[in-house]
1. Taking the Cβ-Cβ separation of Ser120 and Ser238 as r and a Förster radius of 22 Å, what is the calculated FRET efficiency to the nearest 0.05?
2. Based on alpha-carbon positions alone, could you give the equivalent ellipsoid semi-axes of region 205-277 from the gyration tensor, as √(5λ), descending, whole Å?
3. Would you work out if region 226-268 is rounded, prolate or oblate? Take a ≥ b ≥ c from the square roots of the eigenvalues of the alpha-carbon gyration tensor; rounded if a/c is under 1.5, else prolate when a/b is larger than b/c, oblate otherwise.
4. Between Glu203 and Arg259, how many nm apart are label points set 7 Å from Cα along the C-beta direction?
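Laboratory data are not the source of any read-out in this text; all were calculated from the coordinates shown. The structure presented is a predicted model; accordingly, all values stated were derived computationally and were not measured. Neighbour counts run over all protein chains shown; Cβ positions are idealised from the backbone, glycine included.
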Amino acid sequence: MNAGKKQYEQIPIPEELDRVIWDSIDRAAREARRRRLRRWGLSAAAVFCAAFISANVAPLYAYAARIPVIGAVVQVLHVGSGGTRADGVHAGAAAEGETVEFYFESRAGELDTAPVYTVSHLFAPNRMVLTLHGVRTIDYEAIRESLLAAEAVLDVYRAMIGDDSMCGFIVVLNSGYTYELTEHTDPAGLSVRFYPDPAYQPEQMVYYLRSEAMPYGEGLGLLAERYPGKAAQLKTQSGEYIITVGQYGSLAEAEAALRALEETSEDASGLFVASGTADEVPEK
């Protein structure tokens, strides 16, 4: 027995063994923390949504404001922006019912805060546009499949962006649906929850400025760059793409916006006024 013990004690131990063991323990602890925070964050978001409903506050305006919440939830919004500046980020997503969880990582591991993002809600058709900054790689198939798993989502496609540190998604919603976005911290994440909007008006007429249709490619991205912060990309029924600028409640407002744009930018000469109902996708 003593000889066996002596041989056991003389077995060489790799120098990296301690590091591997502790790295494994750290990963398990981080994953457990992620699950706890996700459950807490979704519960907190539900509580605040209930408070908005009971107070008869219109969701469009309530979610646009920053909400102080202690813990993992940074803000809940419908349109706007958030996050902190980052680079070299990897993004993925997973579906949880009618909620899609975006997660963010770097070579050093999971992030504590979400990268800079913007989200907007447009109509004709009803869609959400989400843009992520500082993201170099994405699991696009996982993101697309997770979004399409929601009953509210009709179609998902990527925006053409020339900057390799940005990525954008156009999420076309079925009639009558809307969404809310919750930003999480420690670990970083964005939760997009889809739900029916009782105030939705499918027959509402929407006016906007648009370009001629073109194939999906570099030209589409270059055209969108002419109108920074204003242009959105949209796939037509024919499978080609256009850019749209602005949304207006009347033809007169749209025409006035086009004249103002033409006075400040020579590039506006290729745009014209178009219209459609809230759910309508342009034919071409």
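1. Details: r = 24 Å, r/R0 = 1.10.
Result of the calculation: an efficiency of 0.35.
2. Largest first, region 205-277 gives 19, 16, 9 Å.
3. Values: a/c = 2.34, a/b = 1.43, b/c = 1.64.
Oblate, because a/c is 1.5 or more while a/b does not exceed b/c.
4. So the two model labels end up 3.1 nm from each other.
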